[in-house]
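What follows is one structure encoded as structure tokens, with my remarks underneath.
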Amino acid sequence: MSANWKSVKEDLDWSLNQGEAVKGRTELKEALSKGDHKEMGHVIEAFNLGQRDSHKQANLARCAHEDDKRLYNIGRKLIELKAS
């Protein structure tokens with residue numbers, strides 16, 4: 001199964017901006033604020049804190065495996081930081 005980039009962007013947006021009282025939101029924003037896509041492990045851990053849907057977790061992992069820098073920059077743009 002290939003990575004679904006549109007879906008992962010929507011899922012990250014929900015975790016970062018849309019969802020109410022999302023567990024792990026602060027940790028996710030901190031990991032994305034570091035400015036280094038090598039923090040992807042921390043991004044995945046923080047995302048998984050607030051996301052219980054295993055399909056969404058698996059898609060995030062596939063996207064990270066396919067292109068971790070692209071995924072990291074999608075997250076940074078969602079919190080209004082420039083791409084690293």
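The values are calculated or read from the model by the stated rules, or taken from the named source; none is laboratory data. Computed from a predicted model, the values in this text were never measured in an experiment. We place every Cβ from the backbone using ideal geometry, glycine too, and count neighbours over all the protein chains shown. Note: areas computed on protein heavy atoms with side chains; ligands, DNA, RNA excluded. Shrake-Rupley method; radii C 1.70, N 1.55, O 1.52, S 1.80 Å.
A DSSP coil position with no more than 16 other Cβ atoms inside 10 Å describes the following trypsin sites (Lys or Arg not before Pro) in the range 4-84: Lys23, Lys34, Arg52, Lys82.
What spacing in nm lies between the two simple spin-label points modelled at Ser2 and Asp67, each 7 Å away from Cα in the Cβ direction? Distance between the two pseudo-spin positions: 1.2 nm.
Rounded to the nearest 500, the 222 nm mean residue ellipticity of the chain from helices alone is -20500 deg cm²/dmol, with -39,500 (n - 2.57) taken per DSSP H run of at least 4 residues.
Running a GNM on the chain with Cα contacts under 10 Å, which residue among Ser33, Ser54, Ser15 ends up with the highest mean-square fluctuation? So, out of Ser33, Ser54, Ser15, the one fluctuating most is Ser54. Rolling a 1.4 Å probe across the protein heavy atoms gives the chain an accessible surface of 61 Å² per residue. Sites listed here are GluC sites (Glu not before Pro) in the range 1-74 whose DSSP assignment is loop and whose Cβ has at most 10 other Cβ atoms within 10 Å: Glu20. Modelling each spin label as a point 7 Å along the Cα-to-Cβ direction, I'd like the Lys82/Asp53 distance in nm, to one decimal. Spacing of the two 7 Å Cα→Cβ label points: 3.3 nm.
Think of each Lys and Arg Cβ as +1 and each Asp and Glu Cβ as -1; about the Cα centre, that makes the dipole of the chain roughly 140 debye. The chymotrypsin sites (Phe, Trp or Tyr not before Pro) of the range 1-63 include none that DSSP puts in a loop with a beta carbon having at most 10 other beta carbons within 10 Å.
Taking the square roots of five times each eigenvalue of the Cα gyration tensor of the chain, the equivalent ellipsoid has semi-axes of 16, 16, 11 Å, listed largest first. Determine which residues of the range 50-68 fall in the zone a paramagnetic label at Ala21 would reach in this model, i.e. backbone nitrogen under 18 Å from the point 7 Å along Cα→Cβ. It comes to 50-52, nothing else.
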